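Since every read-out is calculated from the coordinates, none of them should be taken as a lab result. Since this is a predicted model, take the numbers as computed values, not measurements. Counting neighbours? That spans all protein chains shown, and the Cβs are built from the backbone with ideal geometry, glycine included.
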Amino acid sequence: MTGAEGVTAGTSTAANGIRLHVVGCRRSGTTLLFELLSTCFAHDEACEHERSIFDSPCPPGLSLSKKPSDVTHVRAAFEADPNLYLLYVLRDPRSVVTSIHPSRPNIYFASFERWLRYEAAATPMKRHPRFLEVRYEELVRDPLGVQQRIGGAFPFLSETHPFTEFAEHAQTAEPAAVSLLGVRPIETESRERWRQHLPRLRFQMQQYPELATVIREYGYESSDAWLAALDGVAAAPQGYGERPRGRLARMEAALRYWFKTRRYLRRARAQAGQ
């Protein structure tokens, strides 16, 4: 990727000002999906690693961007802006809460509370025609099938490479490469890596007993038999951001994003009128 803003050039056929934005809980695979998109579909510009929709106007053409946490505040802007499209990555919460970012190898970056909060924010948008959910497990198991589904959902996309050839063509920025543990072919082993972090998972189960119910309801397991893996395991409360934000902090964030949304929509209307 080139340029001060991490801009990449492409040959998309999109109308002016379309943004395809990747969101989802942290450690869900948003970086992988974004890098697959920017490598394997034509576009006019893409952010280097992360960029909120609230931080910059959408340039002409087709723009690709990613900011996982935007999902918690994007609904009003998304529903009002016909040129904003969302790709939401959903991942087994056992994998999310036991995933460690390579830049901080001794810290877990997401709790089940965060997974629940992000999923609750995404759920009202799931039936919208400009919103597509991609499960991480499906992405790594059947990348070509997911690529075809994305292309079908967003017909302004034009494929340049198959997802299975991502590693051969990617020009990934350093922050993304670190998060991905390097540019490499898509692999499926990560689906069961939570079994290597059972003390962490035991702690999350103690904090949030409803995790087992969610695992069944979302189809990650057909029964509670997997809980046997936690028998005799001592809990390890190591983590980052484990405590939910207080009421005052939530109110402050809601007010801040209310102003950001107003600014975003003013900008979108001004661009539409050009």
For residue 58: the one exception among (1) more than 27 Å from residue 184 (Cβ to Cβ); (2) not in a loop (DSSP other than H, G, I, E, B): (2)
Residue check for residue 172: under 25 Å from residue 17 (Cα atoms), in contact (Cβ under 8 Å) with a residue 40 or more places away in the chain and more than 19 Å from the chain's Cα centre (by Cα): no
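For (1) surrounded by 12 or more Cβ atoms within 10 Å (Cβ to Cβ); (2) among the hydrophobic types (A, V, I, L, M, F, W, C), each residue gets a yes or a no:
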| position | (1), (2) |
| --- | --- |
| 106 | no, no |
| 134 | yes, yes |
| 151 | yes, no |
| 163 | yes, yes |
| 192 | no, no |
May I ask you to verify whether residue 134 is on the phi < 0 side of the Ramachandran plot and in a strand (DSSP E or B)? yes
When you go through 68, 82 one by one, which is the residue that is in contact with a Lys or Arg (Cβ under 8 Å, 6 or more places away or on another chain), without any contact (Cβ under 8 Å) to a residue 60 or more places away in the chain and surrounded by fewer than 18 Cβ atoms within 10 Å (Cβ to Cβ)? 82
Only one residue in 25, 58 is buried (at least 24 other Cβ atoms within 10 Å of the Cβ) and of a type outside the set (A, V, I, L, M). Which one? 25
Could you tell me whether residue 44 is closer than 24 Å to residue 255 by Cα and either without any contact (Cβ under 8 Å) to a residue 40 or more places away in the chain or crowded, with 22+ Cβ neighbours inside 10 Å (or both)? no
Among the listed residues 195, 149, 216, which satisfies the condition of being in a helix (DSSP H, G or I) and within 23 Å of residue 63 (Cβ to Cβ)? 149
